[in-house]
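Structure first, then comments.
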Amino acid sequence: MSIEKFGKFTAALLLGAALTGCIDADVDVALTSETTAKATMTQVMGAEFYSMVVMGAQQAGEDASAEDEFCAEGELTEGADGSATCVIVEEGRFADLTMGNDEQAIVFAAAGPGLVRISLPTAEMKAELGADEEMDAETRQMVEAFFTGHAVTVRFSGAEITETNMTLSGDKRSAEQVIPFLDLINGTIELPDELYAVVRAP
């Protein structure tokens, strides 16, 4: 399996983000009313890989930039250590929260008076994985180097979480799921068909 295919997979996983590996990401969806929410996606790319993105953009010509490659849809901040952080924020009605995708990745549904069920289907992630394909030793070594120690965290929040299959916070105002990239790629993590939380609107 090629690294390009893994890149496409992680991009699908992270709501369409253009990732090249060695990234940690947070996807935070905060309910602001029964019909609106604020979605924030934060991606952090390590210095080694960000320098590769910068170099690739420079080689591509004057019209290309590292921002276009890594953070075309958000706000890019370059760290003193050479790392880079991309933050994408969308706020408004549920239908408007696409995080740069053609379609919504997060699903919202009424769940009773003042309650909204927020969910993220995982079936497409699993399908994109290509678990039946074999990796040669060189590809596996490269994949492990890219993704070991890195994860995506999905978090849903609001006034109160009344039901969830994610990890509930102590104050019951948020629920989250940490998904290590390498476990997902290796098929060693069991995910439900969807991650969800029933959230009370503020």
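The values are calculated or read from the model by the stated rules, or taken from the named source; none is laboratory data. Keep in mind it's a predicted model, so treat the numbers as computed, not measured. Don't worry about glycine lacking a Cβ; one is built from the backbone with ideal geometry, like all the others, and counts go over all protein chains shown.
The table below gives the values:
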| read-out | value |
| --- | --- |
| Residue in the range 53-71 that is modelled with pLDDT of 75 or more, loosely packed, with under 14 Cβ neighbours inside 10 Å and touching a strand residue (DSSP E or B) at 6+ places or on another chain (Cβ under 8 Å) present | no |
| Pair list, Cβ < 6 Å and 6+ apart or interchain, from the range 163-177 residues that are small (Gly, Ala, Ser) to residues that are modelled with pLDDT of 95 or more | SER174/ARG155; SER174/SER157; ALA175/PHE156; ALA175/ILE161; ALA175/THR164; ALA175/MET166; ALA175/LEU168; ALA175/ALA197 |
| Qualifying residues in the range 166-202 (those that are modelled with pLDDT of 90 or more, among the small types (Gly, Ala, Ser) and not in a strand (DSSP E or B)) - the one surrounded by the most Cβ atoms within 10 Å (Cβ to Cβ) | ALA201 |
